[in-house]
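Quick notes on the structure that follows.
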Amino acid sequence: MSQYNLSLRMGISRNVINNLKYGRGKINAVLLKAIMSVMDMTINQLLNEIGMS
C-alpha cells in the first residue's frame with residue numbers, strides 16, 4: 001500500500017506517514033491503532049511480525 005493510500009484511509013496527511021517512515025516523526029498510540037485498523041491487524045499479529053512474542 002502506498003503512503004498516499006494509507007494516509008487517505010487514515011484521514012491524515014501523507015507527510016505524516018513519510019515522516020514516520022524516515023524517523024522524522026514519532027508514532028503515538030492513536031496513529032498505531034489507526035494503521036493497525038487499516039491493515040486489519042491485531043496487536044498480537046504485530047508483535048509476531050516484529051518478533052516480539
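The values are calculated or read from the model by the stated rules, or taken from the named source; none is laboratory data. Here the structure is a predicted model, which means the values were calculated and not measured. Every residue, glycine among them, receives a Cβ derived from its backbone with ideal geometry; neighbour counts consider all protein chains shown. Note: areas computed on protein heavy atoms with side chains; ligands, DNA, RNA excluded. Shrake-Rupley method; radii C 1.70, N 1.55, O 1.52, S 1.80 Å.
Given the peptides 8-20, 38-50, arrange them by the average over their residues of other C-beta atoms within 10 Å, most packed first.
Values: 8-20: 14.3, 38-50: 11.5.
Ranked by mean Cβ neighbours within 10 Å, highest first: 8-20, 38-50.
Can you give the translational diffusion coefficient of the chain in µm²/s, computed by Stokes-Einstein from the Kirkwood radius over Cα pairs at 10 °C and 1.306 mPa s? Write down the numbers at each step before the final one.
Details: Rh = 11.6 Å.
It comes out at roughly 137 µm²/s.
Could you work out the helix-only [θ] at 222 nm for the chain, with each DSSP H run of four or more residues adding -39,500 (n - 2.57) and the total divided by the number of residues, to the nearest 500 deg cm²/dmol?
Working: 4 runs with 33 residues, N = 53.
It lands at -17000 deg cm²/dmol.
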Taking the Cα-to-Cβ direction at L46 and at A29 and moving 7 Å from each Cα, how far apart do the two end points lie in nm? 1.1 nm
Rounded to a whole number, what % of the accessible area of the chain do carbon and sulfur atoms account for, probe 1.4 Å? 55 percent
Under 12 Å from a label point 7 Å along Cα→Cβ of N5: give me every residue in the range 12-53 with its amide N that close. 39
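Over the chain, what is the relative contact order in whole percent, taking alpha-carbon pairs under 8 Å and six or more residues apart?
Details: 25 pairs, mean separation 13.2, N = 53.
Across the chain, relative contact order equals 25 percent.
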